[in-house]
Every structure is written in C-alpha cells, then in structure tokens.
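*Asks:* First the structure, which I've put down as structure tokens, then a few questions once you've had a look.
The values are calculated or read from the model by the stated rules, or taken from the named source; none is laboratory data. Every value quoted in this text rests on a predicted model; they were computed, and no experiment measured them. Glycine gets a Cβ as well: all are built from the backbone with ideal geometry, and neighbour counts include every protein chain shown.
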Amino acid sequence: MQDAFVRAAERWPVDGAPTNPGAWIVTTARNAAIDRIRREQTRTRKTELLARAAELPSDEEAVIPDERLELIFACCHPALAPGAQVGLTLSLVGGLETPEIARAFLVPEATLAQRLVRAKRKIRDAGIPLRVPAEHLLPERLRLVHATIYLVFNAGYGPPVRSELCAEAIRLAAVLATLMPDEAEAHGLHALLLLQDARRDARVSPEGELVLLGEQDRALWDAAEVEQGRQALERALSLRVPGPYQLQAAIASLHFEDETDWTQIALLYGRLAELAPSPVIELNRAVAVAMANGPDQGLEIVDGLTGLERYHLWHSTRAELLSRLGRDDEASAAYSRALELAPSETERTFLQSRIVD
C-alpha cells in the first residue's frame with residue numbers, strides 16, 4: 001500500500017488524478033503484491049533448480065542436468081509409436097526386463113518383444129537420432145516421459161518391492177518438476193509417487209504377505225513423505241491445469257484421512273476416466289463405487305469391462321465383490337483364475353488364502 005501511495009505521488013501530478021483514487025490505490029497495491037509473490041516464487045524455484053543441478057553430474061551443454069532424464073526424453077522420439085517409445089525407454093533406461101514391461105502394458109510377453117524389435121529396427125533403418133531434443137520441443141514429449149517414470153515406479157512398487165526403482169522414479173519426477181515448474185502434471189506426478197511410496201512399508205507384512213489398504217498399519221506410513229506429497233499436490237493444483245496425475249494424487253491423499261470418503265474417491269475416478277479413459281481406471285472406480293454404494297453396483301461396472309481378461313486384478317476384484325454378495329462358488333472360480341495370472345509369489349499366496357477362506 002505504501003508503494004502504491006509513492007507511485008500515486010509520482011504519477012498523479014503528471015497524469016492527473018484518476019476518477020476513483022481509492023480504487024486506483026487498491027488496484028495498484030494488489031498488483032504490486034501479486035508481482036512480489038511471483039518474484040518470490042520464481043526465486044524459490046530457481047534456487048531449487050540450482051541446488052538440484054549442483055547435486056548432478058556437471059555438463060555445460062546439457063539441456064537437462066540429469067543423464068537418465070535426458071535419455072528418457074531422447075527415447076520418446078515422435079517418429080516411434082507411443083507404446084514403443086515407453087517400452088523402449090523402460091528397457092534401455094529403466095533396465096526393466098521384457099516380462100516386467102509386458103506386465104506393465106497388460107500384453108503378452110511375445111507381443112511386447114515384437115514391439116521393441118520393431119522400434120529398434122525403425123531407429124536403425126530411418127536413422128532416428130536418439131538425442132535430447134531442442135529445449136522448445138521438450139513439452140511435446142512430456143506426456144510420455146511422465147508415463148515412463150510412472151511405470152518405472154510401478155515396477156518397483158511390486159510386490160515384490162524394488163525400492164531402488166521407486167527411489168529413482170521419485171528422484172526423476174522431482175528433477176522434472178524442478179526443471180519445469182509451470183507444468184502442473186509434473187508436480188502431480190511427483191505428488192502421486194510420494195503419496196504412494198509413503199505406504200510402501202505397510203503393503204507387505206514381515207512374513208511377506210500382502211496387506212490390503214484397509215488393513216495396513218498406519219504407524220508404518222511415512223508421515224514426512226505424505227506431507228511432501230501433499231505439498232507437491234498443492235503446487236500442482238495452484239497452477240489450475242487439471243490432469244490425470246493430479247487426480248490420482250488427490251485420490252491417494254484422501255486415503256490418508258482418518259475416514260475414507262469413498263463417494264468423493266468415486267467421483268474423482270469418474271473425472272479421471274473422462275480425462276484418461278482406461279479399463280484399469282474403470283476397475284478402480286468400480287472398487288470405489290462398491291465401497292460407497294454397495295458391491296452390486298461395483299460388480300456391474302466390473303462385468304462391463306473388456307480387455308482385462310488376462311489382468312489378475314480384474315479377476316480378484318470381481319471375486320471379492322462376488323464374495324461380498326454371497327456368490328461363493330463364482331467367487332472361488334474368479335479367485336482361482338486370478339491365482340493363475342498373478343505375477344508374483346506374494347500375490348499368489350494372498351489369493352490362495354482368499355480361496356481357502
């Protein structure tokens with residue numbers, strides 16, 4: 001306000017007093033405050049970037065001060081099919097094996113292997129340069145970079161848990177959010193990974209058994225990581241550009257409340273399905289709907305899904321809902337099919353226990 005009065009004293013004798021002096025003063029003071037806030041935010045972000053860059057290998061010519069993140073952007077070349085881009089990146093950069101990548105894409109291993117072979121052949125035959133694109137071209141590859149980092153995290157989230165993959169994905173997401181502070185989804189992705197990782201230690205018991213969300217020991221949740229995740233989510237939402245990762249982070253955040261608001265979670269999954277249509281998202285929405293409105297409504301959604309016949313969680317979700325409806329024989333058959341498709345021993349042990357029950 002004092003700055004506004006100083007400006008008025010300088011300008012009004014030259015330009016003349018405005019029609020509404022009081023409104024002029026208030027508007028000028030408000031604009032000055034907004035400018036100051038923006039300068040402070042920019043300075044904070046630049047400080048974060050400098051600190052992050054100082055921790056990374058120095059390379060004066062690098063567009064991105066992180067070698068692995070550079071490789072991810074390089075692999076996401078627009079001449080390659082999106083599925084091939086992500087699959088190739090997970091193989092070359094994430095170090096994932098073909099079976100792991102195939103599970104992430106919900107496709108047979110042979111299909112995924114053919115995609116990778118075709119992608120490598122196209123790179124060779126067309127002479128596609130796997131190098132970091134010019135800075136102005138980075139945003140167009142951002143969506144696939146997000147997807148790749150998310151899949152690396154999921155591969156480590158398990159079970160079995162591979163904490164080094166989770167930590168690397170979170171690190172890459174943090175660097176990306178720092179490098180692109182105005183990209184809401186970069187902050188949304190960072191928030192989502194932090195919030196999911198906060199429950200990692202509670203997902204498997206000391207005996208190696210899978211523990212469902214509602215049965216997890218909250219004392220094992222990482223409160224500091226939850227707070228970091230919520231701060232990242234607040235930064236994403238403040239940019240007012242909604243996206244799928246922000247919605248998933250908001251859902252993850254709701255799970256940390258003392259009482260889970262399943263109706264709100266179902267609504268968020270509905271919005272998520274609009275932004276990023278996917279049968280897996282619909283499957284998750286079905287679970288939320290079942291918790292909010294009853295298993296019959298959830299099962300109706302599950303039975304209407306297609307393309308998930310080889311996805312063990314589709315069968316296990318269906319089995320759980322059938323069991324809650326008292327259709328035990330059908331539930332047992334669905335659990336048995338989920339057991340056949342489960343990718344890990346931890347999940348197979350859990351499913352076997354459900355069949356016995």
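*Asks:* Taking the condition among the small types (Gly, Ala, Ser), part of a helix (DSSP H, G or I) and either at pLDDT below 80 or in the same structural domain as Pro279 (by TED's automatic domain parsing) (or both), does Ala110 pass?
*Replies:* No; evaluated as a whole, the condition is false for this residue.
*Asks:* Filtering region 204-220 down to residues that are charged (D, E, K, R) and part of a loop (DSSP other than H, G, I, E, B), which residue is nearest to Thr317 (Cα to Cα)?
*Replies:* Within region 204-220, the match that is nearest to Thr317 (Cα to Cα) is Glu209.
*Asks:* What do you reckon, is Ala266 crowded, with 22+ Cβ neighbours inside 10 Å and closer than 20 Å to Ala173 by Cβ?
*Replies:* The answer is no for Ala266.
*Asks:* Okay, next question. Residue under question is Thr98, and the condition is that it be of a type in the set (Ser, Thr, Tyr), touching a residue at least 60 places away in the same chain (Cβ under 8 Å) and assigned by TED's automatic domain parsing to the domain that holds Cys166; does it hold?
*Replies:* In short, no.
*Asks:* Is it the case that some residue within region 289-310 is under 28 Å from Pro160 (Cβ atoms) and without any contact (Cβ under 8 Å) to a residue 12 or more places away in the chain?
*Replies:* Yes, the conditions are met somewhere in region 289-310.
*Asks:* Let me ask something else. Can you spot a residue in region 12-26 that is among the charged types (D, E, K, R), closer than 30 Å to Asp182 by Cβ and modelled with pLDDT of 70 or more?
*Replies:* no
*Asks:* Restricting attention to region 319-357, which residues are aromatic (Phe, Trp, Tyr) and within 17 Å of Val302 (Cβ to Cβ)?
*Replies:* If the condition is that a residue be aromatic (Phe, Trp, Tyr) and within 17 Å of Val302 (Cβ to Cβ), then Tyr335 is the only one that fits.
*Asks:* Can you spot a residue in region 93-108 that is over 23 Å from Arg162 (Cα atoms) and not charged (D, E, K, R)?
*Replies:* No: zero hits.
*Asks:* Could you count how many residues in region 275-291 are out of contact with any Gly (no Cβ under 7 Å at 6 or more places or on another chain) and either surrounded by 18 or more Cβ atoms within 10 Å (Cβ to Cβ) or more than 24 Å from Gly243 (Cα to Cα) (or both)?
*Replies:* Qualifying residue count, region 275-291: 6.
*Asks:* Quick one: how many residues across region 149-176 are closer than 22 Å to Leu237 by Cα and either among the β-branched types (Val, Ile, Thr) or not assigned by TED's automatic domain parsing to the domain that holds Gly87 (or both)?
*Replies:* 3
*Asks:* Of the conditions (1) free of Cβ contacts under 8 Å to residues at least 12 places away in the same chain; (2) within 14 Å of the chain's Cα centre (by Cα), Ala191 fails just one. Which one is it?
*Replies:* Exception for Ala191: condition (1).
*Asks:* Same structure, new question: Please list, ordered by residue number, the helices (runs of 4 or more DSSP H) wholly in region 296-357 having 1 or more residues that are farther than 14 Å from Pro279 by Cα and at pLDDT 95 or above.
*Replies:* Fully inside region 296-357 and qualifying: 312-324, 328-341.
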